Amino acid sequence: MKKENKTVQKNADEVKSTIQFDRRDFLKHLGGGIIILFSAAEFPFLHGMAIPSEQRPQPDWNAYLLVGEDGRVSCFTGKIEMGQGVITSLAMELADELDVSLNNVDMVMGDTDLCPWDAGTWGSLTTRAFGPLLRAAGAEARAILLEMASISLKLPVDRLAVKDGVVYDMKKPSKKVTYAELTRGEKIVKTLSEKPPVKKPSEFNVMGKPVYKHDSLEKVTGKAKYSGDIQLPGMLYAKVLRPPAHGAKMKSLDTSRAERIEGVVMIKEDDLIAVLHENPDIADDALSQIRAEFESVPAEPNNETIFEHLVNSATDSDIVSQGGDVEEGRKISDLIVEKEYLDGYVAHAPIETHTATATMEGERIVIWASTQSPFGIRREVAETLNVPEQNVQVKQIFIGGGFGGKSPGRQVVEAARLTKLTGKPVQVAWTRREEFFYDTYRPAAVVKITSGMTNSGKVTLWDYKVYFAGARGSQHFFDVANHKTESLDSGSVEAHPFATGPWRAPGNNTNTFARESHIDIMAFKAGIDPLEFRLSNIKDERMVRVLKTVADKFGWTPSKAQSGRGYGLACGSDADTYVAHMAEVKVDKNTGHVQVIRVVCAQEMGLVVNPQGATLQVEGCITMGLGYALAEDISFEGGRIMTRNFDTYEIPKFSWTPEIEVVLVDAHDSPPHGGGEPPIICMGGVIANAIFDAVGARLYQLPMTPERILQAMKG
Amino acid sequence: MNEPIKFELNDNPVEFLPDGEKTLLTVLRTRFGLTGTKWGCRIGFCGACTVIIDGEPVRSCITPVEDISGKKVITIEGLTKDGVLHPLQNAFIRHEALQCGYCTSGMILNAYGLLLKNPEPTRQEIIEFMEGNLCRCGSYGRIIKAIQTAAIEMKGGVR
C-alpha cells in the first residue's frame, strides 16, 4: 500500500467519467435571463488551481451565474458551506461586481443536479481560486446588461451607471431600466472566456466591509436542516456492524437474536452487515444483539512506538527546496542545534458525525449527506452501485463542521447501498465511536532539524526533514545560504495502522510547530529576544510585516527567553496567507496545567472579502488549535482505536477560551488568499514557546499534556 | 402494556404511546419531528441535545422516556414566541456566536437554563455553567458575549 496514493491517482486518471451532461439538458430547467458559464480550467491567472484536465467532466465549466427574469442573481456552484462563511462572502463578491443589493443574490451550493461539477471544498481555495472567477463572471454579466441597457435607453454605455440592479443615465437619473426589465423574455448563454475587468477595491460597495453570515436565523431557531434531520415516510435507521479494530477479519456471525426483534430488517451483503428499523433506538438494540467474532490484529505500533515505526518506514523523499551546501553550512556555524519533534494523530471531531439519508426515486438515488465533496460522493455511490452518475443526486444541506474530515463518503455509500437493498429511505448516522474509528486522522509525524548559527545569532544552516506530515508549511523563510528541506513519505498511507487524511491546514501544523519551536531554541541559545532573532534572519517583507504588527498589538517588549512572563511567538505561511501569533500563558508548576490567557494574531491574506467572516475564521482556528496543542491525541494499539468519545478525547471547552485579538493587515490590492486554515498553524509553536518562556520547559511533542510538561520541567 | 406518556412540550400538552423509544432525544426527533435538538455523543457529554425540563437544562440523549411524564419540556423550537426571537437567539445572531450551527440549539438552551437560575451571571459563572457544551468551530468567546448581552437585555426578567 506504500504506493496506494499513486495507484488511486492512476485509477482516477483512467476512469472515464460516465457523466455526459448535455449543455442544453443542464440549462433547460432554468428560466430566462443571462447565464454566464465559467470554468477554473480556462484561466491562466489561476494556474495551478484548475482542475486537472483528465478529471474534468463534461461540460468543462464548473459554475454558472444567472441573472434571472426577476432581476435576482443566482450562483450555482459545487462548493459547499460548512460554517466557514463562504455562502455569504461569495454572495458579497457577486453583489459588488453586479451592483445589486446583497439580499438579491442567491447561492445554490453543492447540489449535484443543479450545480456543475466541482472538485470539493478544501484547501482554503474557495475565496482565492473560485472567488476571482465568480467576480469575473459577475463583471461579464454586468457588461452584457449595460450593453442591453444602452440599446434600451438609447444611450452610450459610458453614460450609464448601476445601483441596486437599476441602470440609469448619469446625467438624468430618472431615465432608467432595471435588470429585471432587461432580462425579461431573454435567454442569453455566454461562456466566460477571457478575464473581464473587475472592480478596484476603491470601487467596492459591499466587499471589504463586515457582513454577518446569512444563515444564522435558521441556525438559532433550529430550523436549519442537517442530513440527519431529513425524515422520510417509512424511513429506516441503519446500524452497521463494525470490526473491533482496523484490519480485523470476521470469523463468525450470528444474527438470529437480532432478527427476532419485531420490525428489524437485516442486511447481510458482502462486508455490509446492518440492522435497520423505523425506530433508531430499536435499531441500536438489535445491533447489540448481533454476535460476531473477529480475528485479533497486532497491537503494534502504538502511541509510543509509532514515531520510530514511521521513520523506519519512510522510503520516498522529495526535496522541497535547497540552496548552497549543508556541509558548508555546518562548517561555518559556531553552534549547531539538532532536535527532533513529534506529533500524534489528531481527529477532526466535528460535533455532527458523518451522516447520510438516502432514498430511491424511481431509478434515481437521492442523497442528503454531510460532505465536503458532493461530486466525489456521487461518483463513489455510482461506482459502488454500478449505476450511471446521472442517477445519483446529492442535495444541498447544512453541514455540522468538516475541517477536512468530511470528504470520504463511507457513510453515504452505506446509506445508498441500504436504500437500494431495502427499497426504503435509509438514514446512516454514525455514533461518536464510529466517527472516531473511521476518521481520517491528521497523520502522526516526525520532524528532524539540524540548524546552525554564528555567535551573533545569524542563521547559517537549515537542514530540515519532515516524515509523513507532508510538505505543506515545511518551507523556511530565513535568510540562510546553506539550506535543505526534505519531505519524506508525504501523503503515504501504508505505514499508518488506519486511515489518515487532510486536517485543517494539512502538514502545516506539524511543520510550523517544529520550525517555530526550533527557532526559539536558537534565539534562547543566542541570548537574543525571539522576535528580534526572527526579524534579523527574515527578509520576506510580508512575514516581517505580520511580525511587527502582532508585536505592536500584543505590546511585546524585548526580553530573552526564559523571561517568566509566559509570552510566546510563532509565525508561518499557509494558502499564500501570512500569520504571526503571540500568546500569553500561565503554567501551574504543580499540575502542569496550561491556561492560555491571551492570543493575538496578525494575518495578511491579501484582499479581505468579508472582514467579519475572516475574523471568525481566525478566532475559530485559534480556539480549535488549542486542542491539538494541548490535549488531542488518538489512543491506539495497532488498528484498535481506544479513543471512542469526548470523555477520552478532550477538545477545547469554554474554560480554555483565551482573550483573542485579530488584526487583518491591509493588503487589499493583492489577490485574496486563504482564510479558513492559516491561523491554526501557529498554535502548537506559539504555546510551546510561551510555556518555555513561563517555566523553562521545552516540549518536543504534541500534544503538550500536563504530564509531558511536568516531565519537561524536570529537564 | 405501555401507558401513554403525557407531558407539556413547548407550552402544549402532548401525549404519545412509547414504541421502543428509549430517550427523550429520540422521542423529540422522531415522534414530534423536532429536529432542532441535535445529537453529538449520546453519552451526555457534548451538550448538543440540551433541552429544558421543568426549568433545568438536561441532556435529552440520556434522559429516559419514562422520566418526562408530567414534565414541562422546552426545545429550541419553543423558544421563539409568536414569531419573535428570544433575546438569546437575537444575541447569538448579533454576536455571530456560531459557525456551522450544529451545537447552537444546545448552547442556547443551556444558556437559557443558566439565565433562569441566575439572570445576571458573571463571565466566570457563564463559563462554568456552559463548560459541558462543546463547539468544534471555536465560537466560545462570542457565545459568552452573547449570553452577557441577552442577560442585560432581559434585565433579570427571563421568560
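The values are calculated or read from the model by the stated rules, or taken from the named source; none is laboratory data. Nothing here was measured: the structure is a model prediction, and the numbers come from that model. Reconstructed Cβ throughout: ideal geometry from the backbone, glycine too, with neighbour counts over all protein chains shown.
Of all the criteria given as (1) over 15 Å from B:VAL14 (Cβ atoms); (2) touching a residue at least 12 places away in the same chain (Cβ under 8 Å), the one not satisfied by B:THR35 is (2).
Considering (1) among the polar types (S, T, N, Q); (2) more than 30 Å from A:HIS246 (Cβ to Cβ); (3) in a loop (DSSP other than H, G, I, E, B), the lone condition that A:THR643 does not fulfil carries the number (2). For A:THR422, the criteria (1) more than 14 Å from every other protein chain (Cβ to nearest Cβ); (2) under 27 Å from the mean Cα position of the chain (by Cα) hold in every case but one, which is (2). What about B:GLY83, is it modelled with pLDDT under 95 and at positive phi? Yes: the conditions hold for B:GLY83. Each residue in the range A:162-191 was checked for being out of contact with any strand residue (DSSP E or B) (no Cβ under 6 Å at 6 or more places or on another chain) and farther than 22 Å from A:GLY32 by Cβ, and 6 pass. One residue alone among A:VAL493, A:VAL446 is more than 19 Å from the chain's Cα centre (by Cα), under 30 Å from A:VAL297 (Cα atoms) and not in a loop (DSSP other than H, G, I, E, B), and that residue is A:VAL446.
For every residue, the table says whether it meets (1) assigned to a helix (DSSP H, G or I); (2) within 9 Å of chain A (Cβ to nearest Cβ); (3) within 23 Å of A:ASN645 (Cβ to Cβ).
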site	(1), (2), (3)
B:VAL14	no, no, no
B:GLY33	no, yes, no
B:LYS38	no, yes, yes
B:CYS41	no, yes, yes
B:PHE45	no, yes, yes
B:ALA48	no, yes, yes
B:VAL51	no, no, yes
B:VAL58	no, no, yes
B:CYS61	yes, no, yes
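Would you please name the residue that is surrounded by the fewest Cβ atoms within 10 Å (Cβ to Cβ), looking only at residues in the range A:239-288 that are in contact (Cβ under 8 Å) with a residue 60 or more places away in the chain and aliphatic (A, V, I, L, M)? Applying the filter and picking the extreme gives A:LEU272. Residues of the range A:675-703 that are surrounded by fewer than 24 Cβ atoms within 10 Å (Cβ to Cβ) and either within 26 Å of the chain's Cα centre (by Cα) or hydroxyl-bearing (Ser, Thr, Tyr) (or both): A:TYR700, A:GLN701, A:PRO703. Among the residues here, A:PHE436 does not qualify as at positive phi, among the hydrophobic types (A, V, I, L, M, F, W, C) and out of contact with any Gly (no Cβ under 8 Å at 6 or more places or on another chain). Residues in the range A:320-351 that are in contact with a Lys or Arg (Cβ under 7 Å, 6 or more places away or on another chain) and either within 14 Å of another protein chain (Cβ to nearest Cβ) or within 20 Å of A:GLY470 (Cβ to Cβ) (or both): A:GLN322, A:GLU340, A:TYR345, A:VAL346, A:ALA349, A:PRO350, A:ILE351.
One residue is enough: does the range A:518-528 have a residue meeting the conditions modelled with pLDDT of 95 or more, part of a strand (DSSP E or B) and under 25 Å from A:GLY452 (Cα atoms)? For the range A:518-528, residues modelled with pLDDT of 95 or more, part of a strand (DSSP E or B) and under 25 Å from A:GLY452 (Cα atoms): absent. Residues in the range B:116-147 that are among the hydrophobic types (A, V, I, L, M, F, W, C) and either in contact (Cβ under 8 Å) with a residue 60 or more places away in the chain or within 10 Å of chain A (Cβ to nearest Cβ) (or both): B:LEU116, B:ILE126, B:ILE127, B:PHE129, B:MET130, B:LEU134, B:CYS135, B:CYS137, B:ILE143, B:ILE144, B:ALA146. Residues in the range A:379-402 that are away from chain B (no Cβ under 14 Å) and within 21 Å of A:LYS424 (Cβ to Cβ): A:VAL381, A:ALA382, A:THR384, A:LEU385, A:ASN386, A:VAL387, A:ASN391, A:VAL392, A:GLN393, A:VAL394, A:LYS395. Residue-level check: of (1) under 21 Å from the mean Cα position of the chain (by Cα); (2) in contact (Cβ under 8 Å) with a residue 40 or more places away in the chain; (3) assigned to a loop (DSSP other than H, G, I, E, B), A:ALA667 misses just (1). Against the condition over 30 Å from A:SER635 (Cβ atoms) and surrounded by 22 or more Cβ atoms within 10 Å (Cβ to Cβ), how does A:ALA495 come out, does it pass? It is false that A:ALA495 is over 30 Å from A:SER635 (Cβ atoms) and surrounded by 22 or more Cβ atoms within 10 Å (Cβ to Cβ). A Cβ distance below 7 Å, combined with a sequence gap of six or more or placement on separate chains, defines the contacts here; from the range A:126-137, residues that are within 16 Å of A:THR88 (Cα to Cα) reach residues that are among the basic types (Lys, Arg) and modelled with pLDDT of 85 or more in the pairs A:THR126/A:LYS79; A:PHE130/A:LYS79. With respect to A:VAL585, determine if the residue is hydrophobic (A, V, I, L, M, F, W, C), touching a helix residue (DSSP H, G or I) at 6+ places or on another chain (Cβ under 8 Å), buried (at least 23 other Cβ atoms within 10 Å of the Cβ) and part of a strand (DSSP E or B). It is true that A:VAL585 is hydrophobic (A, V, I, L, M, F, W, C), touching a helix residue (DSSP H, G or I) at 6+ places or on another chain (Cβ under 8 Å), buried (at least 23 other Cβ atoms within 10 Å of the Cβ) and part of a strand (DSSP E or B). For the range B:83-110, filtered to residues that are more than 9 Å from chain A (Cβ to nearest Cβ) and of a type outside the set (Gly, Ala, Ser), the residue that is nearest to A:GLY401 (Cα to Cα) is B:MET107. Taken over the range A:660-715, the criterion of being within 19 Å of A:ALA469 (Cα to Cα) and aromatic (Phe, Trp, Tyr) is satisfied by A:TYR700 alone. At least 1 residues being within 14 Å of another protein chain (Cβ to nearest Cβ) and among the basic types (Lys, Arg) is the threshold, and among the helices (runs of 4 or more DSSP H) wholly inside the range A:185-288 those reaching it are A:216-220. Taken together, A:THR431, A:THR371 contain a single residue that is within 14 Å of chain B (Cβ to nearest Cβ) and touching a helix residue (DSSP H, G or I) at 6+ places or on another chain (Cβ under 6 Å), which is A:THR371. The single residue among B:GLY113, B:GLY70 that is over 27 Å from A:GLY620 (Cβ atoms), more than 7 Å from every other protein chain (Cβ to nearest Cβ) and either touching a strand residue (DSSP E or B) at 6+ places or on another chain (Cβ under 7 Å) or part of a strand (DSSP E or B) (or both) turns out to be B:GLY70. Candidates are the residues of the range A:600-653 that are small (Gly, Ala, Ser) and surrounded by fewer than 21 Cβ atoms within 10 Å (Cβ to Cβ); the one that is farthest from the other protein chains (Cβ to nearest Cβ) is A:GLY638. Of all the residues in the range A:98-152, those that are under 17 Å from A:SER74 (Cβ atoms), of a type in the set (Lys, Arg) and under 29 Å from the mean Cα position of the chain (by Cα) number 1.
Restricted to the range A:289-298, and to residues that are surrounded by fewer than 18 Cβ atoms within 10 Å (Cβ to Cβ) and part of a loop (DSSP other than H, G, I, E, B), which residue is nearest to the other protein chains (Cβ to nearest Cβ)? The qualifying residue nearest to the other protein chains (Cβ to nearest Cβ) is A:GLN289.
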